[in-house]
Amino acid sequence: MLAALVAATLAAMRVTAPELARLTPLESRFRDALAPVRISLTWLGSQARYAMSFSVSMVRAGERNLALEQEVARLESQVTQLTEFKLESERLSNLLNYKQVMAKRYNLLTASIVDRDPGNWFGTITLNRGAGDGVKENMTVLTPEGLVGRVVSVSAATCEVLLITDPRSGVGSLVQDTRTSGIVEGTTASSRMARMIHIPNNAPIEVGQAVVTSGLGSIFPKSIPVGVIAGINSESSGLFKSADILPYANLNQLEEVLIVTEVYS
Amino acid sequence: MHFSALLFLLGAVLILQTTILEYIALYGVKPDLVMLLVIFNGFLLGPREGAFLGFAGGMLEDLFSGSYIGLNALSNMVAGYFAGACGERFYKENTLVVSGVAFVSTAVGLSVNYLLLLYLNIHVPLFHALLRVVVPTALYTALLVPFLFKRVISFLKTRDRDQLN
């Protein structure tokens, strides 16, 4: 009985592996129907975060009298909200500037994150843009700082993005200074690091060098900043070495991103 | 312990897991609250119940994520069973003991998760798997035990008393 259950579950895991199948119409509708729930949960999370910071600020104001304390809390709350608006405005302004600068190379679509994989292994995010906005599978996702990942599945109103730190991700890349090529693959989402593999042993690479996309045989456009080399290791085969890559984009604190919907050659 | 109480807790924990945990991540690592609830349940009620809730809770998590259905179900099932086996041997009222059991059970569950990733052809370097996911997640999850264990027990006892009345 237990063996049958485990066997059935192992088979279900294979069948539901996202790389093996595109979204069926039913899955697509299910995901779209779930999108408002996920947006609500994300809102709930941000409110809870706000509530926690509010409580902390109340404790810090413990020595003041009640009226003053309430007034300060109200003002602090306003400042927090205004700061939030200011930061959001700065982020959007940066994205807009980047869009204008990059207008000759790419057609970019701004998107917000509505959901994130809750576990520590996988690095995926869900964006509020889908097929209705012209998003397609394998489109590149980036921020002004650098590469974020690629779209792996699309529903009518949302899309799922595989981050470059996800163990299923691979990006054809090269070291900017020496033009040494390799593949940047993810490790685990929680490590916030990727690693560049298959670098020849005699390749001149150093810590601190920049890594960009190679564009060769890759779904990613050429010359997008990926990250910086943070460490160099020998691979077990002895023929190659690998490098730890710290992504330029802060993948754990993303709020808005850009989707490359078209590349002008 | 009643199924309705467990379902309520599981729902609350799933919402927490997908919302607030992002904000309390330490160096990118989030605790696994669903697994912790499964471990509490197994530790208090035995391996059979632990494995059952582990499978059910993990399956809910998988259905919510929509891919690799069964990945968390199997790893949580093993973690629940392991915690249940420990519960039959250790004193149940000591928070330190529960923290230790939570650490080891989470590590066992996440190791099963790692093996299942290999089965799915997802290769995570062993170093990263152990030192960036398994050990830190197990440690962070175990650190929550002193804050949560007595509350969970008291919640379940209150529910039992209410149902008896």
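Read-outs throughout are calculated quantities, based only on the coordinates presented, and are distinct from any laboratory measurement. Owing to the predicted nature of the structure, the values given are computational and were not obtained by experimental measurement. Every residue, glycine as well, gets a Cβ built from its backbone with ideal geometry; the counts of neighbours run over all protein chains shown.
At-a-glance table
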item: Furthest towards positive pole of dipole, B:Ile15, B:Val101, B:Leu71, structure part region B:12-165, Cβ charges; result: B:Val101
item: Extension reserve of the A:Ser218-A:Thr178 stretch, reckoned as 0.36 nm per residue once the Cα distance is removed; result: 12.4 nm
item: In degrees, nearest ten, helix A:2-15 long axis to first principal axis of chain A (Cα); result: 80 degrees
item: Assigned charges on the beta-carbon of Lys, Arg, Asp, Glu; the protein assembly as shown dipole about Cα centre (debye); result: 220 debye
item: Relative contact order of region A:170-250, defined on C-alpha pairs under 8 angstrom at six or more residues apart (%); result: 30 percent
item: Three-way shape label, chain B, alpha-carbon gyration tensor, a/c 1.5; result: prolate
item: Mean shadow area of the protein assembly as shown over all directions, Cα convex hull, nm²; result: 25.5 nm²
item: Residue order, fewest to most surrounding Cβ atoms within 10 angstrom, among B:Asp32, A:Asp177, A:Asp166, B:Asp62; result: A:Asp177, B:Asp62, A:Asp166, B:Asp32
item: Potential extension, A:Ser93-A:Arg105 segment - 0.36 nm per residue separation minus Cα distance; result: 2.4 nm
item: Dipole of the protein assembly as shown [Lys/Arg +1, Asp/Glu -1 at C-beta], most positive-end residue of A:Val263, A:Ser153, A:Val207; result: A:Ser153
item: Percent RCO, i.e. relative contact order, over chain B, from Cα pairs under 8 Å lying at least 6 residues apart; result: 23 percent
item: Added length on full extension, which subtracts the Cα-Cα distance from 0.36 nm per residue, A:Ala3 to A:Ser237; result: 80.5 nm
item: Computed over chain A: relative contact order in percent, which uses C-alpha pairs under 8 Å that are six or more apart; result: 18 percent
item: Largest to smallest principal axis extent of the C-alpha atoms in region A:170-250, angstrom; result: 30, 28, 21
item: Two-site FRET efficiency, B:Leu63 against A:Leu44, from Cβ-Cβ distance with R₀ of 22 Å, rounded to 0.05; result: 0.65
item: Residue order, fewest to most surrounding Cβ atoms within 10 angstrom, among B:Phe147, B:Phe64; result: B:Phe147, B:Phe64
item: Ascending count of other beta-carbon atoms within 10 Å, so fewest first, for A:Phe85, B:Phe90, B:Phe149; result: A:Phe85, B:Phe90, B:Phe149
item: Estimated [θ] at 222 nm from DSSP helical runs (n ≥ 4, -39500 (n - 2.57)) normalised by residues in chain A, nearest 500; result: -11500 deg cm²/dmol
item: Paramagnetic reach from A:Glu255 in region A:117-150 [backbone N under 15 Å; point 7 Å along Cα→Cβ]; result: A:144
item: Top positive-direction residue, dipole computed over the protein assembly as shown with Cβ charges, set A:Val135, B:Pro146, B:Gly57; result: B:Gly57
item: Förster radius 30 Å - calculated FRET efficiency between A:Ala51 and B:Val97 (Cβ-Cβ, nearest 0.05); result: 0.35
item: Cα-centre dipole for region B:31-154 with unit charges at Cβ (Lys and Arg positive, Asp and Glu negative), debye to 20; result: 220 debye
